[in-house]
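Visitor: The structure's right below; bear with me while I get my questions together.
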Amino acid sequence: MNEEQKIFDEMWGRNDELRDPYKEFQSWFQGEDLKRLRAKQREAEEVFRLTGITFNVYGRSEAEERLIPFDIIPRVIAGREWQKLSKGIEQRVRAINAFLHDIYNRQEIIKAGRLPREMISRNEAFLPQMMGMTPPGGVYTHIVGIDLVRTGDDQFYVLEDNARTPSGVSYMLENRETMLKMFPELFSTNRVQPVQNYPTNLRRSLAACAPNKCEGTPTVAVLTPGIYNSAYYEHSFLADQMGVELVEGHDLRVVDGRVAMRTTEGYKPIDVLYRRVDDDFLDPLSFNPESALGVPGIMDVYRSGGITIANAPGTGIADDKAIYSYMPDIVEFYTGEKAILENVPTWRCSEADSLAYVLDNLAELVVKEVHGSGGYGMLIGPTASKKEIAEFRKKLEAKPGNYIAQPTLSLSTVPIFTKAGLAPRHVDLRPFVLCSPEGINITPGGLTRVALQKGSLVVNSSQGGGTKDTWVLED
Amino acid sequence: MLGKTANGLYWMYRYLERAENTARLIETGQRIGLTRLDQDDDEWASVMQSASMFHGYKETHDEVTKDGAIDWMLRSKDNPSSVLSSISAARQNARLVRTALTNEVWEALNGCYMKAQEILKRKVTERDLPAVLEVIRQRTALVRGMTHGTMLRNDIYDFARLGTFLERADNTARILDVKYYVLLPSAFSVGSSLDNVHWETILRSLSARGGFRMAYGSQVNARDIAQFLILDKRMPRSLNFCATKIYANLRYLASDYKTEPESSVLAQRLVESFMHNDIEVVFEAGLHEYIQSVLNALGELGAQIEKDYRFYE
């Protein structure tokens, strides 16, 4: 059978039958004129440029700001599909929080023999500084992004958990805003669940995690590494939308046992800091002493209940790729239920049997660095050249513990708009989850990233991926 | 508000004002070049001096040419105060204080920046210059208009205005200073009217021709020009006008924050000096000396504002 035919398309299924969620869209599209849509596509780009929704490319000159390509064709998910997904996401996020609390306290899961001790003790994402510390409200991961892929009508997999500082939510919001502006008519024929409450929910969720020393209404702030960070736009966007200050390390200092920001009227304490700075740079006194991005002494304030850091330091231990393969066990261990969302089957190259299998089947597998991100340093067997595979084999044999391998999934496709009309491209989905003592809140939909190159499976924006608006329909 | 935000707003509007002033000076320079009969480009040295850009120009160029001067003032990346550099710096500051701006202001400024990048990508030919300067003037005016029309009148607005008027006062003072020799008392004591080129330069570079004519008629003399640009309360680029605005915005801040900082006191002193002075006193003191003392006072005031409102650590 032809490989192409096996791929599940979210609009047309496997057999060219229009799927339900896309019915209204299709009847609209048929009445549209390609020329008008092309103009709309250009218009969208203009909107993004003017709004300044850009990302900075690392290692490039300061002036380099790029647009993430936006595709005007919405991705549509049925309400019932979403219901099941969101249950699975909620379960997974609860488990992640419970896991973090356990790892930084009693480590029952290790004692129970469900997770090898060295997975933690030899893991760079584990922060010994967090041992014995429970963050305000018991929440470690205030904001989580769960990366999902789809392979069939009812088949979703979790590709990756993002429990540190997941980004992309500004695109989710701006994509919707742009669609509402450009195609208002589509929203009257489709009942699309709203995403616009995210900033309000985020602020409420953060405020609900205020520390003991907070008096009155909690003061929330967003900590950014600065204007040259690739996600600076998102940081300023979220601060703006929440109506809170956007601060950098040099705006902050510890004053009377609190972290305070320098305002025009003097120093003012912060209760909850939504930081978009990595653990390592958070506090030069506790972590990287070279860091100028963080706040000297913030960890002491944190430990004494003077501030809430969101997400908590050390959450990386939960989304590490080496831990990933244990997630089904982790979910079961803490929730007592089987995981609703499946993991992609994963071979840990640190284990001899697995390594042998992976080496024998490199051409069929995707091999990832355990600590890598952004789609770099990975091998996609089926599309790699012989030479690339041979080179990768050497790297893998030299440090097998650095790698995991997964089968190449035939990721679902959705239509994008091209010069010739609609064409299928592979996608993933990152729903955004908020946790607080008040509960878990999942925004319906999330960020759909799309590989714009025909046949490509790489959706990362740093490597030619784009985004599109994601609709969850009201059933 | 963060001290950093106040700082960013202040500089965003200073750079915006600077871009506008520089564009206007280029326009003046070109206009003068067109209306005179001799062929030398001397005027450009004085135009660049008015913009405090001559020093940098001399360091990077061997001779003063019209093309060299225009490019230096308009789009040189090596000149931190060129129109293009100023607009880029204004936008950089705007990105920094994005949360304090309305969407309208941000989009107007970002649009201004994108347009400037586009039309200043290549050297601008003399033929295209008027149209290019027109676009710059309109785009910066749009930012100003959006600021006026959409921003809350709170501390954010006050810092924006402080940047605008400090830059503007500085600009007016420098133009007067560079041209002070044409306004020397000897010139008007004889009652002679000024050389056309010179008064054109002064009034045009401050968009003050129409205003002057309305206030004083078509007869131009040094005393009236100095009176108009230094002491006139109606003229939006006069030193008195700018100082009064600075003082007013500092007063708003002081009452918002319920403090009485040193900068308010300095600004008040500056405003009072304009109220008591009449133009004869200015000429008696020596115009150059007088302007220098105003420039010093503005510099001191700017530094005190930075300190009072914690712009830096």
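No lab work stands behind these numbers, since they all come straight from the coordinates. If you're wondering where the values come from, they're calculated on a predicted model, not measured in any experiment. Cβ coordinates were reconstructed from backbone atoms using ideal geometry, including for glycine residues, and neighbour counts include every protein chain displayed.
Visitor: Are there any GluC sites (Glu not before Pro) in segment A:72-129 that are in a DSSP loop and have at most 12 other Cβ atoms within 10 Å? List them by number.
Guide: Passing sites in segment A:72-129 are A:Glu124.
Visitor: Ok, one more. Taking the Cβ of each residue in A:Arg204, B:Arg153, A:Arg150, B:Arg213 as the centre, tally the other Cβ atoms inside 10 Å and list the residues starting with the fewest.
Guide: Fewest-to-most Cβ neighbours within 10 Å comes out as B:Arg153, B:Arg213, A:Arg204, A:Arg150.
Visitor: Which loop GluC sites (Glu not before Pro) in segment A:176-239, with loop taken from DSSP, have no more than 16 other Cβ atoms within 10 angstrom of their Cβ? Don't skip to the answer; put the middle values down first.
Guide: Numbers: sites: A:Glu177, A:Glu185, A:Glu215, A:Glu234; in loops: A:Glu215.
Passing sites in segment A:176-239 are A:Glu215.
Visitor: Give me the distance between the Cα centres of segment A:323-388 and segment A:397-427, rounded to whole Å.
Guide: 14 Å
Visitor: Next up: From the Cα gyration tensor of segment A:345-408, with a ≥ b ≥ c the square roots of its eigenvalues, which class applies: rounded if a/c is under 1.5, or else prolate if a/b is larger than b/c, or else oblate?
Guide: Details: a/c = 1.31, a/b = 1.13, b/c = 1.15.
The shape class here is rounded.
Visitor: How far apart, in nm, are the 7 Å Cα→Cβ label points at A:Glu474 and B:Ala285?
Guide: Label-label distance for A:Glu474 and B:Ala285, simple model: 7.0 nm.
Visitor: Amide H to amide H under 5 Å from A:Val76: which residues, 5+ apart in sequence or cross-chain, H placed 1.01 Å off N in plane?
Guide: Excluding prolines and chain starts, which carry no amide H, the hits are A:Trp471.
Visitor: For A:Glu245, list long-range residues whose amide hydrogen, built 1.01 Å from N in the peptide plane, is under 5 Å from its own amide hydrogen.
Guide: For A:Glu245, the qualifying residues are A:Val222.
Visitor: Ranked by Cβ crowding within 10 angstrom, fewest neighbours first, how are A:Val195, B:Val265, A:Val414 ordered?
Guide: The fewest-first ordering by Cβ neighbours comes to B:Val265, A:Val195, A:Val414.
Visitor: Mind listing the phi-derived Karplus ³J(HN,Hα) values for segment B:278-288, rounded to whole Hz, using 6.51, -1.76 and 1.60 with θ = phi - 60°, and x for any glycine or proline?
Guide: Residue by residue, segment B:278-288 yields 10, 5, 4, 4, 4, 5, 4, 5, x, 4, 4 Hz.
Visitor: Filter the DSSP H helices in chain A by two things, a Kyte-Doolittle mean of at least -1.0 and an axial alpha-carbon span of 30 angstrom or more, and list the hits by number.
Guide: Both cut-offs are met by A:79-103.
Visitor: Grab the Cα-Cα distance for A:Lys87 and A:Arg42, subtract it from 0.36 nm times how many residues apart they are, and report the gain in nm with one decimal.
Guide: Stretched fully, the A:Lys87-A:Arg42 segment lengthens by 12.4 nm.
Visitor: Related question: Test of the criteria: in segment A:315-350, which trypsin sites (Lys or Arg not before Pro) are in a DSSP loop and have at most 10 other Cβ atoms within 10 angstrom of their Cβ?
Guide: Working: sites: A:Lys321, A:Lys338, A:Arg348; in loops: A:Lys338.
Loop-located and lightly packed - A:Lys338.
Visitor: So what is the relative contact order of segment B:1-151, in percent, for Cα pairs below 8 Å that sit 6 or more residues apart? Kindly include the intermediate steps, with their values, before the conclusion.
Guide: On the way: 152 pairs, mean separation 43.4, N = 151.
Dividing the mean separation by the residue count of segment B:1-151 yields 29 percent.
Visitor: Tell me, what is the percent relative contact order of chain A, built from C-alpha pairs under 8 Å that lie six or more residues apart? Mind dumping the intermediate values first?
Guide: Numbers: 909 pairs, mean separation 109.7, N = 475.
It rounds to 23 percent for chain A.
Visitor: Using alpha-carbon pairs under 8 Å, 6+ residues apart, how would you state the relative contact order of segment B:153-313 in percent?
Guide: Across segment B:153-313, relative contact order equals 30 percent.
Visitor: For peptide B:2-11, compute the average count of partner chain beta-carbon atoms within 10 Å of each residue's beta-carbon.
Guide: Per-residue shielding by partner chains comes out at 4.
Visitor: Right, another one. Between B:Arg234 and A:Tyr357, how high is the FRET efficiency from 1/(1 + (r/R0)^6) when r is the Cβ-Cβ distance and R₀ = 60 Å? Nearest 0.05. Don't skip to the end; give the middle numbers.
Guide: Working: r = 86 Å, r/R0 = 1.43.
It comes to 0.10.
Visitor: Please order A:Asp329, A:Asp319 by the number of other Cβ within 10 Å, starting at the fewest.
Guide: Starting with the residue having the fewest Cβ neighbours, the order is A:Asp329, A:Asp319.
Visitor: In whole Å, what is the distance between the alpha-carbon centres of segment B:99-132 and segment A:233-258?
Guide: Their Cα centres are 30 Å away from one another.
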